[in-house]
Amino acid sequence: MELHLCSTVSTYNRLSLYQNPLWSIHFRHIYIQTATIEHQVSDMRLQVGQRAPVFTMQGIVKGEIRDYHLEDYAGKWVVLFFYPGDFTFVCPTEVKEFSNRHDEFAELSAQVLGVSVDSVHAHRAWLKELGELKYPLLSDITKEVSRSYRVLIEEKGVSLRGAFIIDPEGILRYQVVHDLDIGRSVDEILRVLKALQTGEMCPVEWKPGKATLGKT
């Protein structure tokens, strides 16, 4: 018997009319599988120019643990970066550099947020070794935020080095994802943030002080 699932819900409703419980179980299984596939496909639609996925995560800064929400930063730019894990090798170089350049982001009305799948208690322990940071480290211990931003390596349970710039309206304006072994350039992220804030078209290798190409 060949089935054409043009409309999952309506097909399931029609098939439910069969009185044989084995048919009902079989088609319910088809319905659940199809719905799961549709959900996975919809999750893959993260794209620059679309609304950034919202989140709530616990985080720590200066010894204080609290919840952080993307909505907390409405009206500000957000630089959200994911890293694979605490107590590693490349990660502390990035995490510390973002802190060293924090004031430059603050001058651009941008909030930096670092994220890994470690717990806030692991963050706390790592910060004793690393030193205090000027921005929060957030805990994506459920991995749901990494998954929604499409940076989770499912089989390893860690995040790729994704960096995202979200504008004051909550729209994703920039994303870059690096291999686990390669650190990102904070200089480049600052350059792109400044370019976005011009509101104009910026040519290759544009830097502040250089001419833009005007508005679109």
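Every read-out reported here was derived from the displayed coordinates using simple, explicitly stated rules and does not represent laboratory data. Please read these numbers as outputs of a predicted model, since none were measured by experiment. Methodologically, a virtual Cβ is constructed for each residue, glycine included, from the backbone with ideal geometry; neighbour enumeration extends over all protein chains shown.
A few points about this structure:
- Semi-axis lengths, Å, the stretch 83-216, gyration tensor of Cα atoms, sqrt of 5 times eigenvalues: 28, 17, 13
- Reach of residue 210 by Cα under 26 Å, taken over lysines that are not fewer than 8 positions away in the same chain: 76, 194
- Two-site FRET efficiency, residue 177 against residue 128, from Cβ-Cβ distance with R₀ of 35 Å, rounded to 0.05: 0.75
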